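The values are calculated or read from the model by the stated rules, or taken from the named source; none is laboratory data. Worth saying up front: this structure is predicted, and the values here are computed from it rather than measured. Cβ coordinates were reconstructed from backbone atoms using ideal geometry, including for glycine residues, and neighbour counts include every protein chain displayed. We work out accessible area using only protein heavy atoms, side chains counted, and drop any ligands, DNA or RNA first. Shrake-Rupley method; radii C 1.70, N 1.55, O 1.52, S 1.80 Å.
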Amino acid sequence: MTYYQATASSPQIKENAQVIEHLQAEARNVLDALIPCNAHIILLDYPHHPNVGDSMIWLGEIAYLKSRRIKPSYVCDYKNYNADFIRRIYNENSLILIHGGGNFGSLWTHLHNFKLQVLRDFPKLPVIQLPQTVY
């Protein structure tokens, strides 16, 4: 077996970094246009489960908000969702962000149904579904 040590100067590392930077810029361009700096963020669907991929996506979402100096005013997973509390705290600058990942569609029906419930509960509040894989 051949041992290969990746270094910061290796072509593969540079290529991966370029891909990551490109994807970040694309996501930022879309999200920056949708999320004003003064947005009052309600962030739903915290990934309170053992899928580490969703946890990494969550960390990326939080890093994005921090880069914009936006702190969510309410965060919950689907089990602790409280529409009445959200109704008490939302204002004219409120946006609902729903955690991205791979939980949209028929594979994880409880999470899909949760998203539909949020839309029913807040038909006039802007809701942004963060990037998803659809199955």
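Just a few scattered comments:
- Residue list for region 113-135, filter: part of a strand (DSSP E or B) and open to solvent by 60 Å² or more (accessible area, probe 1.4 Å): GLN129, THR133, VAL134
- Here is the figure for region 11-60: residues that are among the β-branched types (Val, Ile, Thr) and under 28 Å from PHE85 (Cβ atoms) total 4.
- Evaluation of HIS110 against the conditions (1) over 15 Å from the mean Cα position of the chain (by Cα); (2) assigned to a loop (DSSP other than H, G, I, E, B) shows that the sole unmet condition is (2).
- Residue that is farthest from ASP45 (Cα to Cα), among those in region 83-92 that are free of Cβ contacts under 8 Å to residues at least 40 places away in the same chain and open to solvent by 50 Å² or more (accessible area, probe 1.4 Å): GLU92
- Scope region 59-82; condition open to solvent by 50 Å² or more (accessible area, probe 1.4 Å) and either more than 13 Å from the chain's Cα centre (by Cα) or on the phi > 0 side of the Ramachandran plot (or both); matching residues: SER67, ARG69, LYS71, SER73, TYR78, LYS79, ASN80, ASN82
- Pair list, Cβ under 7 Å, 6 or more apart: region 53-76 residue of a type outside the set (D, E, K, R), other residue assigned to a helix (DSSP H, G or I) and open to solvent by less than 50 Å² (accessible area, probe 1.4 Å): TYR64/LEU31; PRO72/LEU65; SER73/ILE89; TYR74/ILE86; TYR74/ILE89
- Neighbours by Cβ (under 7 Å, 6+ apart or cross-chain): first from region 93-115, more than 29 Å from ASN38 (Cα to Cα) and free of Cβ contacts under 8 Å to residues at least 60 places away in the same chain; second crowded, with 17+ Cβ neighbours inside 10 Å and of a type outside the set (Val, Ile, Thr): HIS110/TYR78
- Just one of (1) surrounded by 18 or more Cβ atoms within 10 Å (Cβ to Cβ); (2) touching a strand residue (DSSP E or B) at 6+ places or on another chain (Cβ under 7 Å); (3) touching a residue at least 60 places away in the same chain (Cβ under 8 Å) fails for LEU34. It is (1).
- Among the residues of this structure, GLY101 does not count as one that is surrounded by 12 or more Cβ atoms within 10 Å (Cβ to Cβ), touching a His at 6+ places or on another chain (Cβ under 7 Å) and farther than 17 Å from LEU125 by Cα.
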